[in-house]
1. Do you know which residues across the range 98-125 are over 20 Å from residue 147 (Cβ atoms) and surrounded by fewer than 22 Cβ atoms within 10 Å (Cβ to Cβ)?
2. Mind checking whether some residue in the range 57-70 is surrounded by fewer than 19 Cβ atoms within 10 Å (Cβ to Cβ) and modelled with pLDDT of 85 or more?
3. Would you be able to tell me the number of residues in the range 82-97 that are crowded, with 17+ Cβ neighbours inside 10 Å and of a type in the set (S, T, N, Q)?
4. Specify the residue that is surrounded by the most Cβ atoms within 10 Å (Cβ to Cβ); the eligible residues are those in the range 130-154 that are β-branched (Val, Ile, Thr) and more than 15 Å from residue 106 (Cα to Cα).
5. Taking the range 146-160, which residues are among the aliphatic types (A, V, I, L, M) and free of Cβ contacts under 8 Å to residues at least 40 places away in the same chain?
6. Considering each of 168, 134 in turn, give the residue that is assigned to a helix (DSSP H, G or I), within 42 Å of the chain's Cα centre (by Cα), farther than 27 Å from residue 114 by Cα and at pLDDT 90 or above.
7. Checking residue 163 against (1) farther than 30 Å from residue 97 by Cα; (2) surrounded by 10 or more Cβ atoms within 10 Å (Cβ to Cβ), which test does it fail?
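The values are calculated or read from the model by the stated rules, or taken from the named source; none is laboratory data. Keep in mind that this is a model prediction, so the values were computed, not measured. Neighbour counts run over all protein chains shown; Cβ positions are idealised from the backbone, glycine included.
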Amino acid sequence: MDRKSRLRQIAFAAFVALGAAQGVNAQALQASGANAGVVSQPGTTTALPSTSISQAGQTDTSALTPDESKQSAAGNVAELQQMIRGSDLSELRTTYNGSYGASLLFYGKEMTFYVALFQQKNFWRVIKTDDATRAELIYKDFVRQTVQLSEVEIRRTQLEAQKVFTQRMIALSQDRANRLQADIDVARQQQSIVASQQQQTRAEATALAQQKTVAQDQLRAAQRQVRELQRELETGLPPH
């Protein structure tokens, strides 16, 4: 194991021991941040924000002291931007809420913590401290801010999805209505055709009935004529 890796392990062990010594404060901090968002596992800084600085305005941070509130102006953002390009900075925790995020970073060579607040992977505020408990407190406060800042953004995302869903349901309903209307139009057209056919059939049936009556009268007349001719033919002949 090289000297750099050994120093990192020693620094992290010191961080854990210091956190354990602050048992009561740590429990309170965990409770305050339990529902703040999804926290990544400790690892490298590959998921950290890019090096451009967000132009968003400052947000009140009740967890910061006046000196800490001035730190970003003192160059912490630029300092962290330079450090994340190297491999000596360890990402301990990162939480995302919408496009906002907070990270807790550790620089083992100097036993220093960096707490960053960012939006769309652009650094917004960066606080530097060598106090592990203080770093945890600031990190929890930054996480709380990401929750508050992302509420409108998340709500907008949900409303946009609802709008798209509603428009899709309208389109499906309209398509269904169009198909039902087409079915009704076909049924009405067919009904009209059937009614016309029935009218024609009734007219033909009436005509056929009249023709049948005429034909029957003609048949009876012909039969009478045959009988009369038969009698006339048999007149004067001896009886059978």
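1. Result: 107, 108, 109, 110, 111, 112.
2. No, every residue in the range 57-70 fails to be surrounded by fewer than 19 Cβ atoms within 10 Å (Cβ to Cβ) and modelled with pLDDT of 85 or more.
3. Within the range 82-97, residues that are crowded, with 17+ Cβ neighbours inside 10 Å and of a type in the set (S, T, N, Q) number 4.
4. 143
5. 152, 159
6. 168
7. It fails just one condition, (1).
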